[in-house]
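Working notes, beginning with the structure itself.
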Amino acid sequence: MTLTERLREKISRAFYNHGLLCASYPIPIILFTGFCILACCYPLLKLPLPGTGPVEFTTPVKDYSPPPVDSDRKQGEPTEQPEWD
């Protein structure tokens, strides 16, 4: 028996045993396959899970002072009011 024939026999035996396993336990194999597909596609699905809410990052700004208030402008000028009429 040559090396090619032995390799072909081992590969054939492996596929046959795998087929027997899948035929013997169809429900666990289907569930395992579905879990693997879900795990591979999870980053694409963006499924929200409990406790994975958005995270808010704040960056402190040093030496911040609010902008000066213009005293010559009156609050509520017509240019600042929305035109609802």
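The values are calculated or read from the model by the stated rules, or taken from the named source; none is laboratory data. Keep in mind that what you see is a predicted model, and the values were worked out from it rather than measured. SASA here: full protein model, heavy atoms, side chains in, ligands and nucleic acids out. Shrake-Rupley method; radii C 1.70, N 1.55, O 1.52, S 1.80 Å.
In table form, for the structure just shown:
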| read-out | value |
| --- | --- |
| Among residues of segment 8-22, those that are open to solvent by less than 100 Å² (accessible area, probe 1.4 Å) and either among the hydroxyl-bearing types (Ser, Thr, Tyr) or within 42 Å of the chain's Cα centre (by Cα) (or both), counted | 8 |
| Pick from segment 47-78, criterion more than 32 Å from the chain's Cα centre (by Cα), of a type in the set (Gly, Ala, Ser) and at pLDDT below 70, ranking: most open to solvent (accessible area, probe 1.4 Å) | Ser71 |
| Residue under evaluation Leu44, criteria (1) at pLDDT 70 or above; (2) at positive phi; (3) not aromatic (Phe, Trp, Tyr), criterion not met | (2) |
